[in-house]
Amino acid sequence: MKKIIALILAFCAAAAFAEDKRTEMPRLEIPSAQTTGFGGPHIAFTDNVSALLVNPAAIMRVRERIFFAPSFTLLSPQKTLTLLGKIGDGTDMGLALEALNNPNNPGKIPFGLAINGFPVAVAWVADGFGFGVWNRISVNANVIGTTAEAVALVDLIIPVGFAFKILDTDAHDVDAGVALKMFGRGYGRKMINITEIIEEPEQLVDDLGAPVIFGTGLDLGFIYRWNIGLSAGITFDDIFNHGGEISYIGGGEGDKDGYYVPFSLNLGLAYDLRVGNFWQSAPGFIANTGVTFAFDWHNFDLLFESENPYLKRNPALGIGLGLQFSFADMFKLSFGMSDMLPAFGFGFDLGSFELDMSYYGRELGLEPGQMPVAAADLTIAIRPGAKERNWPWTRSSLVDVINGLVEKSKEKKAKEAAASSEADTVSTEVPEPVDAEAATADDQNNDAAAYDDSTDGTETTDGETAAAD
């Protein structure tokens, strides 16, 4: 036992040492206007295929497919469009960046854009099992003074999720899920001197380079639901995550020790109040009208971060709040807060077709208010339903399985006890041994009595004969 414990401790120490040498990467995610306008994503309130990346336990109650779901994001929409326009007119990158300076806030220019789920967005989830394939292209830059930090991501994410029931009753449900995330990523991050770009624009292209990374990650999630509309969730994202460089594009070189997405602990609480919850006979379109409140704390583990806390994001930036009004489950109006900045969104849900738009704030710095930026999302999705499935691992809850095993164990013990009791009863009914001398004496007495009876009968017969004579 001591050897096993020592081996585990040695493995953990080796893993921690290896992680220190690897390069940290941004999270694997596919944002959408439906979640960003709601202050999300919310791990206790996710009812579509995005649960594969948000909370794998939620896929236990989801039946949905996706064939087409492009989502477009603009950071600092006005500045980003202005920059793209100047570049399109033939303006050098450096001069275009210099022209974006804000006299009220000189030298601070965050901007960027992202295309999520285009051209690849395919997913299928049904009753405890699902998989998906999404791509993401994201480019953003944080400009401070004459220096710009440029970050570029090209992702292909392939999650496979399993979920099962822990508790399944009429009023309360507890589900658990695990998701294996395979990913390919082109990841570039570089500090650029704007003055040098203005003087030598071709230097920007020459200096850019990005490693091509392939890796895997593992998520674990739990969700509790109460039939009054209350739910709570907890996820352990990237319990394991490692990516290795398979090639390098452009100048420079990557990290031979590997790459990783850091672990995060996320908590969530949600309350979904529908008219149908208290008006049982309400028509369908009225029954589905209601309001949803959601609260999340992402990266909750940062509260306990003791190593280099000034290099980590402030834990308060992980708090998310959302309030959504749903009218007949067709029109949704959302308000929220994430990164300590407000969010707003609205959308139309026409069954298999969904259109969502959002306008919200993002914090690109490590502290609230350090580098806030406005962002706008537009998402178009085709999400038809999926057929009901009855997977073997979802037919019974874990509690029911354990109770069944306990009952079988009790029945087995009861049968063994009954068999043992019957054997004891049979053994007590065996006749006691008979004394041979006593038995012989009894037989002699019985023979004498029989002889006397025989003699009395003979004498009576002789007397009767004499009298007759």
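The values are calculated or read from the model by the stated rules, or taken from the named source; none is laboratory data. The shown structure was predicted, so the numbers you read here are calculated from the model rather than taken from an experiment. When we count neighbours, we look across all protein chains shown, and the Cβ atoms used for this are built from the backbone with ideal geometry, even at glycine.
When region 217-233 is filtered for residues that are surrounded by fewer than 20 Cβ atoms within 10 Å (Cβ to Cβ), touching a Phe, Trp or Tyr at 6+ places or on another chain (Cβ under 7 Å) and in a strand (DSSP E or B), the ones remaining, listed by number, are Leu218, Leu220, Leu230, Ala232.
Of all the numbered requirements in (1) modelled with pLDDT of 95 or more; (2) on the phi > 0 side of the Ramachandran plot, Leu269 misses one, and that requirement is (2). Each residue in region 191-206 was checked for being crowded, with 17+ Cβ neighbours inside 10 Å and either assigned to a strand (DSSP E or B) or at pLDDT 65 or above (or both), and 1 of them qualify. Restricting attention to region 32-65, the residues being surrounded by fewer than 24 Cβ atoms within 10 Å (Cβ to Cβ) and either at positive phi or not in a helix (DSSP H, G or I) (or both) number 6. Taking the numbered list (1) more than 25 Å from Ala121 (Cβ to Cβ); (2) touching a helix residue (DSSP H, G or I) at 6+ places or on another chain (Cβ under 6 Å) in turn, Gly365 passes all entries but (2). Within region 291-310, none of the residues are among the small types (Gly, Ala, Ser), in contact with a Ser or Thr (Cβ under 8 Å, 6 or more places away or on another chain) and surrounded by 15 or more Cβ atoms within 10 Å (Cβ to Cβ). Residue count for region 368-411 satisfying the condition of being over 24 Å from Ser50 (Cβ atoms) and among the hydrophobic types (A, V, I, L, M, F, W, C): 7. Candidates in region 136-166 are the residues that are within 31 Å of the chain's Cα centre (by Cα) and polar (S, T, N, Q); of these, the one that is farthest from Thr216 (Cα to Cα) is Asn140. Evaluating Phe331 against the criteria (1) surrounded by 15 or more Cβ atoms within 10 Å (Cβ to Cβ); (2) closer than 26 Å to Ala374 by Cβ leaves one unmet condition, (1). Within region 58-88, the set of residues being among the small types (Gly, Ala, Ser) and either closer than 19 Å to Pro31 by Cα or not assigned by TED's automatic domain parsing to the domain that holds Ala123 (or both) comprises Ala58, Ala69, Ser71, Ser76. Restricting attention to region 271-289, the residues being without any contact (Cβ under 8 Å) to a residue 60 or more places away in the chain and touching a Ser or Thr at 6+ places or on another chain (Cβ under 6 Å) number 1. For region 139-171, a residue qualifies if it is surrounded by fewer than 19 Cβ atoms within 10 Å (Cβ to Cβ) and not hydrophobic (A, V, I, L, M, F, W, C), and the qualifying residues are Gly145, Thr146, Thr147, Glu149, Asp168, Thr169, Asp170.
Taking the stated definitions as given, is Val406 in contact with a strand residue (DSSP E or B) (Cβ under 9 Å, 6 or more places away or on another chain) and exposed (fewer than 15 other Cβ atoms within 10 Å of the Cβ)? When the stated conditions are applied, Val406 does not pass them.
Quick one: is Pro368 in the same structural domain as Pro119 (by TED's automatic domain parsing), over 30 Å from Pro119 (Cβ atoms) and of a type outside the set (Gly, Ala, Ser)? Against the criterion (in the same structural domain as Pro119 (by TED's automatic domain parsing), over 30 Å from Pro119 (Cβ atoms) and of a type outside the set (Gly, Ala, Ser)), Pro368 qualifies. Please specify each residue of region 283-320 satisfying the condition of being among the aliphatic types (A, V, I, L, M) and modelled with pLDDT of 80 or more. Those that are among the aliphatic types (A, V, I, L, M) and modelled with pLDDT of 80 or more: Ile286, Ala287, Val291, Ala294, Leu302, Leu303, Ala316, Leu317, Ile319. Could you tell me whether region 40-61 includes any residue that is modelled with pLDDT of 90 or more and among the charged types (D, E, K, R)? There is at least one residue in region 40-61 that is modelled with pLDDT of 90 or more and among the charged types (D, E, K, R).
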